[in-house]
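First the structure, in the form of structure tokens, and then the observations on it.
The values are calculated or read from the model by the stated rules, or taken from the named source; none is laboratory data. Quick caveat: nothing in here was measured; it's all calculated off a predicted structure. Please note: Cβ atoms are built from the backbone with ideal geometry, for glycine as well, and neighbour counts cover all protein chains shown. Just so you know, the surface numbers come from the protein's heavy atoms only, side chains and all, with ligands and any DNA or RNA stripped out. Shrake-Rupley method; radii C 1.70, N 1.55, O 1.52, S 1.80 Å.
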Amino acid sequence: MRGPARAILAPVEPIAPSGRQLELTHGDSAVTIVEVGGGLRDYRVDGVAVLDGYPVDAMAPHSAGQLLVPWPNRIAGGRYPWNGKTQQLAISEAKTGNASHGLARWSAWELERTGPAAATASFVVRAQSGYPFTVAFGAAYALGDDGLTVTMTATNLSAGPAPVGMGAHPYLLVPGAGGTPVRADDVTLTLPAERMLLVDDRLIPTESQDVAGGPFDFLAARPIGPLVIDHCFAAPRRDPDGRARVVLAAPAGGGSVTVWMDEAWDYIQVFTGDTLSPDERRRSIAVEPQTCPANAFNSGEGLRVLEPGESFGGSWGISPVP
């Protein structure tokens, strides 16, 4: 007796975990943008890595290079009040019981090349359980003589107001002499922010304090040493061009990496990677531009509430000096 017929399937080309790859080049610099999350996978200058990225056959580890929308960081318990109702988001960080880093990190963004050194990524967050709003997000990438510029935008497509925040999560490698990255302990940090947020055991802000004179005072450049940093900083000091600049510099003979942000970004999360695996721990430093801090959907701090059809946005960038 013959068994059921089996379909003969044509060979299928595997899809990379991060989806389609789009490389931008300018001079001796190259950046790779990915479809999944619309973020950064790789950035190299003359072959030297600027980002602590990941290979094409891997998922983005620890949010590396991802865009964080419609909120950055965490929402306590995934709950927040809106129009007299409690909204409940899915819990995406099991160890803290929080909703973390938005709703678009693992979705396919639309990528479009606009030039050899420029591209856009776009995605619409659809109304869903816990976030009953429809908001369009975009990121325009441009690679130039002064490094990489990322311009992010949000537009409310809903019929009513929508709460919105944005962020990005690049891990930076600081090139030492010969191009070999130096560990966080050996990096000299300049962090022009006057306040830092204190958090509870679930990493939710409880209060803020001035950094002046304390262990997290990097208003003037100084080595990080063994200090563990996983904090959000606020009240950034800006240069005359309106930009705040976080500078990571190697010892003499090495290079530096500057992460800059315009007036849209009033919060800066810095993470020295101490909770990562032994081979990743303090290998690189995350410098995360944020339009609002963790739990802004509850605290309201820095939160943008967009009216129907309203947009907001801003630019940040990475400027390496090998």
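Side notes on the structure shown:
- Residue-by-residue Karplus 3J(HN,Hα) for the stretch 98-111, coefficients 6.51, -1.76, 1.60, Hz, glycine and proline x: 10, 8, 10, 6, x, 10, 10, 5, 10, 9, 7, 8, 7, 9
- Dipole magnitude of the chain about its Cα centre (Cβ charges: Lys, Arg +1; Asp, Glu -1), debye to nearest 20: 960 debye
- Amide H contacts of GLY102 (H built 1.01 Å from N, in plane; Pro and chain starts excluded): TRP71 sit under 5 Å, all sequence-distant by 5 or more or on other chains.
- Every Cα-Cα pair of the stretch 205-301 was included, and the share exceeding 23 Å stands at 30 percent.
- Across the accessible surface of the stretch 70-160, with the other protein chains kept in place and a 1.4 Å probe, carbon and sulfur atoms take up 52 percent.
- Every helix of 4 or more DSSP H residues in the chain counts as -39500 (n - 2.57), and over all residues that averages to 0 deg cm²/dmol at 222 nm.
- LEU197 accessible area, 1.4 Å probe, all protein chains in place, Å² to nearest 10: 10 Å²
- Overall form of the stretch 188-254 per C-alpha gyration tensor (a/c, 1.5; a/b vs b/c): oblate
- Charge-dipole axis of the chain as Lys and Arg at +1 and Asp and Glu at -1 on Cβ define it, positive-most pick from PRO293, GLN87, GLY314: GLN87
- Which of SER208, PRO226, LEU198, positive extreme of dipole for the stretch 182-299 (C-beta unit charges): PRO226
- To the nearest 10, the accessible area of ARG105 is 30 Å² with a 1.4 Å probe.
- Given the choices (i) 0.96; (ii) 1.03; (iii) 1.16, Cα Rg over 2.2 N^0.38 Å derived from the coordinates of this structure is entry (ii).
- On a per residue basis, the chain carries 44 Å² of accessible surface, using protein heavy atoms and a 1.4 Å probe.
- Positive-end ranking of ALA154, VAL135, GLY255 along the dipole of the chain, with charges on Cβ about the Cα centre, is headed by VAL135.
- Rounded to the nearest 20, the size of the Cβ-charge dipole of the stretch 210-322 about its Cα centre is 420 debye, with Lys and Arg at +1 and Asp and Glu at -1.
- Using alpha carbons only, the radius of gyration of the stretch 254-299 set against its Kirkwood radius gives Rg/Rh = 1.08.
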